[in-house]
Ligand code: 9UX
């Protein structure tokens, strides 16, 4: 079943950060779309059968903190 996951992300300060987070999230299996916002320090991720913990781990590996909100 399709999922929409909203995340709070801290530590992003420029557009390159946004791109790093976007790419990392898009590489997680099942993710179809990741919209990351610097303005609101958040992301909306869409996908199917996604392991949310893998998204959080992928973001943390890039050096940012993420929580589901
Ligand atoms: Mo921009 Mo983000 O120079 O970690 S890439 S601050």
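Just so you know, all these numbers are worked out from the coordinates, no wet-lab data involved. In this text the structure is predicted, and so the values were computed from the model without any measurement.
Given only helices, namely DSSP H runs of n ≥ 4 each adding -39500 (n - 2.57), what is the per-residue ellipticity at 222 nm of the chain, to the nearest 500 deg cm²/dmol? Before the final figure, lay out the partial values.
Working: 2 runs with 22 residues, N = 69.
That calculation yields -9500 deg cm²/dmol at 222 nm.
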**Message:** Let me test this: with uniform point scatterers at the alpha carbons of the chain, what is the Debye-based log₁₀ I(q)/I(0) at q = 0.22, 0.28 1/Å?
**Reply:** -0.82, -1.37
**Request:** Quick one: compute the contact order of segment 2-68, relative version, from alpha carbon pairs under 8 angstrom and 6+ residues apart, as a percent.
**Result:** 45
**Item:** Gained length - residue 10 relative to residue 39, 0.36 nm times residue gap less alpha-carbon distance
**Value:** 9.3 nm
**Prompt:** For the Cα atoms of the chain, what angle does the longest principal axis make with the long axis of helix 15-26, in degrees from 0 to 90, nearest 10?
**Reply:** 20
**Request:** Can you tell me the 0 to 90 degree angle between the C-alpha axis of helix 52-61 and the longest principal axis of the chain, rounded to 10?
**Result:** 30
